[in-house]
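These notes concern the structure reproduced below.
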Amino acid sequence: MEPRGVAAVLAYIGRLDPRSIRTAPGEARDQLAQWHELLHDVPFATDHGWDVRETIRAHVLDSPYPILPVDIAREWRRYRRARLDRHTDPTPTADPDDLAAWRAELLGTRQAVATGTVAPSTHREITSGDLNTDVEARLRAVGSCIPPAVRTGLAAYRPARAAREHAIAAGRPDALGVPCQWCQAGRGEPCRSRRVGPDGSARGGAPRATPHPTRLDLAATELTRQGAA
């Protein structure tokens, strides 16, 4: 708030609470300097809910004490925190590979929300929204959102999926594309080790890196049927 705005605030307070009026030139000048020091980053009003006059009016109605500049500054800080608590970051339009631009846009949006320039975004949008056209082009070129080098590095940690992808790429039957009749694993789920106990019930459930032979046979039959169709 500029000194002229602070002077307008003091004039408004004087109309509601004459105890705050300073008539001596030196006192009025010192009062303006003190208030400006504490309110220089507080706007007079914003487009989204903040008006310093509302804060002053509420204080005069609720408190028997004269309002101080710290009362307004503290209320403004509470207003900023409340807005940021309601805000969730929308996806920046900047190229995510340009970290400086991406971060600058993210912080700029937060600053605009905190100062009341724009309304908070109340939905989780950090990973939502339409893809950037550049990202879409790169996905078409790569063929997957997981780069090949990363997929290769993950193969050791998900062997069943890696074996499935390798089989599909080689033109062999996709065993995980059909359910397993032996361990009852559903489509897309890896087979599990299944042991039959003395009482005839199935025991065990550790995932297998390779599917059961019966599942492979069923997948081969399904592949042949699709080819014939």
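Its Cα centre serving as origin, the chain has a Cβ charge dipole (Lys and Arg +1, Asp and Glu -1) of approximately 1180 debye. Extending 7 Å from the Cα toward the beta-carbon at both Thr93 and Glu165 defines two label points whose distance is 3.4 nm. Amide hydrogen proximity for Ser121: with H placed 1.01 Å from N in the peptide plane, the residues at 5 or more positions away or on another chain lying under 5 Å are Thr88. Taking the Cα centroid of segment 151-183 and of segment 56-71, what is the distance between the two, rounded to the nearest whole Å? Measuring centre to centre over Cα atoms gives 69 Å.
To test your reading of the geometry: what angle, between 0 and 90 degrees and rounded to tens, separates the Cα axis of helix 99-114 from the longest principal axis of the chain? Computed tilt is about 50 degrees. A simple spin-label model places pseudo-atoms 7 Å from Cα toward Cβ; at Ala112 and Thr221 they are separated by 6.1 nm.
Relative to the longest principal axis of the Cα atoms of the chain, helix 159-169 runs at roughly 70 degrees.
Computed 3J(HN,Hα) for segment 211-224, one whole-Hz value per residue from the Karplus formula 6.51 cos²θ - 1.76 cosθ + 1.60 where θ = phi - 60°, is x, 5, x, 5, 6, 5, 5, 5, 5, 5, 5, 5, 5, 5, glycine and proline marked x. Here the Karplus relation 6.51 cos²θ - 1.76 cosθ + 1.60, evaluated at θ = phi - 60°, turns the backbone of segment 178-192 into coupling constants of 10, x, 8, 7, 8, 9, 6, 6, x, 4, x, 9, x, 5, 10 Hz, with x for every Gly and Pro.
Using equal-weight Cα scatterers in the Debye expression, the normalised intensity of segment 1-40 in log10 at q = 0.27 Å⁻¹ is -0.93.
Derived scalar couplings between HN and Hα for segment 23-37 equal 9, 5, x, x, 5, 5, 5, 5, 5, 4, 5, 5, 5, 5, 4 Hz in order, rounded to whole Hz, by the Karplus curve 6.51 cos²θ - 1.76 cosθ + 1.60 (θ = phi - 60°), x for Gly and Pro.
The numbers here are math on the coordinates, done by the rules we state, and not lab data. Predicted, not measured: the structure shown is a model, and the values here were computed from it. All Cβ positions, even for glycine, are placed from backbone atoms using ideal geometry, and neighbour counts span all protein chains on display.
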